[in-house]
Each structure stands twice: as structure tokens, then as C-alpha cells.
Amino acid sequence: MNRKEMRRHYEQMQTVKGCFLLTCSRTNERYIGISHDMEKVKDRIFFRLSVGALATIPTLQTTFTRYGEESLYFEVVQVLPKTEDETSIDEDLAILLQLQKENFPDAKEIQV
């Protein structure tokens, strides 16, 4: 593939957007959030926890520090359907989060 083809391919790629849930098996605490890139959000969360960079969510950082990564379970709750219109994605994700918060009322919101 030449540079022009690679660029066109990259621009046509769509990331998976949706809602995720992070659950601690030791404390049963739950954290819910949304992401524009579900494939990368888990790694981003665990990396930030490993370097202490999620201090804005002290309960999650404390849980991670105390029990380790193996105590946290990451799952994708719902994925937004792919669409050509990217203009309303932020609104769609916000609505999805509100709907999923009704399904998991005890979950704390996490923004990464």
C-alpha cells in the first residue's frame, strides 16, 4: 500500500463506540463509562491505574492499589451501531450512558 492508499484506509476506519462496565470482584464496586474507542479504553484505564493517574476516582485507584489488576473485570455493555453520520456521536454516547446507568444504578461514572 502506498502512502495515499494508507491514508484513505485510515480515514475510512471506524472505531467501536459504546458503554463499558468495570467491576471489582473483591468489593463488588462498579464503574460505568463510555468511549469512542472500545478497543483501547481498557488498556488506557489499566495503564492509568498502574501509574496512579486515576486519582480523580480515588475509590477505584485505592481498589486497584489494594487488590491489583486481577480483581477488576472489564466488559463491554453495549456498542453503538456504526453510522455514516458522526455528528451526533457524543449525544448518542451520552444517551447510551444514561440508559445503562438505569441498568446499573449502583455504578459510579468513570471518564477516561
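Backbone amide hydrogens, once placed in the peptide plane, bring Val16 within less than 5 Å of Met38, Glu39, excluding anything fewer than 5 places away on its chain. Extension gain, Ser88 to His36: 0.36 nm times the residue separation minus the Cα-Cα distance gives 17.5 nm. With 23 Å as the limit, the listed pairs Lys4/Lys42; Lys42/Lys101; Lys42/Lys82 have Lys4/Lys42 beyond it between alpha carbons.
By the gyration tensor of its Cα atoms, with a ≥ b ≥ c the square roots of the eigenvalues, what is the shape of the chain: rounded for a/c under 1.5, prolate for a/b over b/c, or oblate? Verdict is oblate for the chain. Sparse packing (at most 14 other Cβ atoms within 10 Å of the Cβ) combined with a DSSP loop state is found for the following GluC sites (Glu not before Pro) in the stretch 75-112: Glu84, Glu86. Using the rule -39500 (n - 2.57) for each DSSP H run of four or more residues, divided by the residues of the chain, the 222 nm mean residue ellipticity is -13500 deg cm²/dmol.
Averaging the sequence gap over all C-alpha pairs within less than 8 Å and six or more residues apart, then dividing by the number of residues, gives the chain a relative contact order of 38 percent. Simple point charges give the picture: +1 on the Cβ of Lys and Arg, -1 on the Cβ of Asp and Glu, and for the stretch 17-109 a dipole about the Cα centre of about 520 debye.
All of the numbers you see were taken from the coordinates with simple rules; none came from a lab. What you see is a predicted model; the values in this text were computed from it and never measured. Please note: Cβ atoms are built from the backbone with ideal geometry, for glycine as well, and neighbour counts cover all protein chains shown.
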